[in-house]
1. Tell me, what does the Kirkwood hydrodynamic radius of the range B:103-179 come to in angstroms if you use every pair of distinct C-alpha atoms?
2. For chain B, what is Rg from Cα atoms divided by 2.2 N^0.38 Å, rounded to two decimals?
3. Quick one: if you stick a label point 7 Å off each Cα along the C-beta vector at A:Arg313 and A:Trp21, how many nm between them?
4. Placing +1 at every Lys and Arg Cβ and -1 at every Asp and Glu Cβ, with all other atoms neutral, what dipole size does the range B:1-148 have around its Cα centre, in debye to the nearest 20?
5. Rounded to the nearest 500, what is chain B's calculated 222 nm mean residue ellipticity when only DSSP H runs of at least 4 contribute -39500 (n - 2.57) each, over all residues?
6. Within 10 Å of each candidate Cβ there may be at most 11 other Cβ atoms; applying that plus a DSSP loop requirement, which chymotrypsin sites (Phe, Trp or Tyr not before Pro) in the range B:1-96 survive?
7. Considering the convex hull of the alpha carbon atoms of the protein assembly as shown, report its projected area averaged over all viewing directions, in nm², one decimal.
8. If one computes the Cα centroid of the range A:345-411 and of the range A:454-504, what distance in Å separates the two points?
Amino acid sequence: MTAAALNWFASHEIRLAWREWLGMMTGGRQRRRRAVIIGLVVFGALLHVPAYAVIGRYATLRLPLDKSAMIVITASIFLAWALMLSQAIESVTRAFYARADLDLIMSSPVTLDRVFSIRLAAIALTVTAMAMLLATPFIDVLVFGGGLRWLALYGVVMAIGLSAAAVAIAVTILLFRAIGPRRTRFVAQVLAAAIGAGFVIALQIAAILSYGTLSRFAALTSDAAASYAPAPESIVWWPVHAAFGDGRALLLLLACGFFLLGTVMVIFSAEFADTAVRASTGVVANRRTSHTRSFRSGSRQQALRRKELLLLRRDPWLLSQSLMQLLYLIPPAVLLWRSFNDSSLAIVLITPVIVMAAGQLAGGLGWLTISGEDAPDLVKTGPLPPSRLIRAKIEVVLLVIGALFAPLVIALLFASPRQAAVTAVGVMIAATSATAIQLWFRVQARRSQFRRRQTSSRLATFAEAFSSIGWAATSVLALSLPVAALVTGLMTTALLAATWKFSPRRD
Amino acid sequence: MASDRSALELRGLTKRFDRPAVDALDLTVRSGEFYALLGPNGAGKTTTLRMVAGLLRPDAGSISILGIDALADPVAAKQVTAWVSDEPMIYDKLTPLEYLEFVAGLWGIDPAVAEPCARELLVSLGLEANMHDRCEGFSKGMRQKVALAGALVHDPRLIILDEPLTGLDALSARHVKSLLSERVRNGCTVIMTTHILEVAERMADRIGVIAAGRLVAEGTLAELRQQNGRTDTSLEDVFVALVDREPAAA
């Protein structure tokens, strides 16, 4: 394969990545493209405001810094790296399982190692470019307030992006080797979710156990952390030095990023083709059900509910998302456990976390059961009025939410019956609201198209998020400031009413 | 054996999208008849059948299924009808047996009746070895067979099939054809669209040709040949001659 051909393939890969991203943003609708681009530019501009609020006061900061500051900045960079790694694992997994052009590439007269090297590089580039884009408002604020030396941050973002992509590629291919293509897809999804959230959750748990607070900074700025921190000349601080404009540290960091990615490409590009073929063909190798029970009797709605529950149980997305929700619930659960021993007021903070998680999970479940129907013709031609069909699906969502959150509410009952009651009501209202939004904005789709759910209707996505936040706030205020809860409750109800008003008309 | 009682009666059935897809269509299919609906791409075959199956609401006209007004009482009409589309839509995460259990439950069939019937259907369609495998690894032909088994498990009186043989190998196609013929022998009515004219020629009691949303010819093969003015031609010749006469369908 000539250099020109390689360049051509590289530009082809970038074009595909761009169109996939644009498709995700526009929900596949051409007419939305201009609106999306304008929206993104406006969003980027607006993002400068919170960026200024968060980071603006640090623009004049210079080295040397005290250990606590070094730890907080290093942890922030590590968090960014973990999030990029999470994103990269998802991208690499998707690249493996998308059969699309595999047959064409593998049957063409090209050297596969080189072609797949470019594909790996394109993944790294995409992950890095996205991170740089998101970092831009923050870097702009620092450059504006502290000078051009802050431009070095782009180099830091690039270096951690390259290294995150390299680790993601290696992890995914090694997972393939270890557990095979079928399990890798699920494990990679869970791993990506756990990595993304794990670091923050670990910090929160450390803070709760040590200081009885949910603030993750408490652990980072503690004397204990400072005493364990390495010496100022340690390589651990390279990212901080690079971020503050130390050219030598930046070059070393970039060199490490490129070296790591290059090594991974050399080692794994030959395996990429083999892995991709196995992923696209072997992933659905026969999975047998072990039991051979008899057909069960019951009403038509029961048949529908059983089918939905069985599909949810076998849904990898749901499993990974449920695990995610459970991960986020670990810190409040730890806080709850601690609160049995002392009468910490922080226990009140559990309620909004639980209510928010219930709303978010109900939204996902609602989409899977109401919109994500793989056999729409079958259920529509079934001798059942549409209203009963929808009712059965909604019942399944609320049933699952109830089963998942009941243990937490029961545990809360022992600590504070009043709080348990408020939490239970909050969970029910948040779940019902999210399900209702999914019902108003339902579209016919396959369950595997779940990733597109948040782009098919921006209004539904935002309404779902704000409704969960609104009910979470209302719940916590109901416990501490009931009059304010009335206000937020009315505001959230008004938001739901407006969402219903703007939802597509239904027959 | 076809009787004079009608299994399906369409009167003035009309559906418009950006242009008329089905244009005041009148069609009668007798009970116990194997009826093949032919037509070029975009002629309105699938739209017609989707309206009969209750998947689309017509703009005008009436649909009567075994004497039931399908627009006034869709649930009763659906109870006796089965629909199989050209794109088999089944649940990847269910096994064929679980899929059939769900379909039987949806139609309210007694499990004691449904289970042996489901097993028998899967065996007769050559899916015995895959009965407990999840459908996610199935080929298109296997999926089509599962969808067909789902359509038959509740013992419908009217079976509507849109290109059911697409993607099936010769042996599977033969299984499906013999299964459908057996159902017709037992008094069931089958309406099928197909682009494989040989199938229509060999299996159908009567053939309807639709173009631009209207029925342009109907009858047995011999009657169609007669309408075409020659008795020694194949169905393909008759079809081409009939469709060529009509204004081009979109």
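The numbers here are math on the coordinates, done by the rules we state, and not lab data. These figures come from a predicted structure and were not determined experimentally. Heads up, the Cβs are rebuilt from the backbone with ideal geometry, glycines too, and the neighbour counts pull from every protein chain shown.
1. Every distinct Cα pair counted, the radius reaches 12.9 Å.
2. Output field value: 1.00.
3. The answer from the label model is 4.1 nm.
4. Its charge dipole is roughly 420 debye.
5. Calculated mean residue ellipticity at 222 nm is -11000 deg cm²/dmol.
6. Those satisfying the criteria are B:Phe17.
7. Averaged projected hull area, Cα only: 38.7 nm².
8. 17 Å
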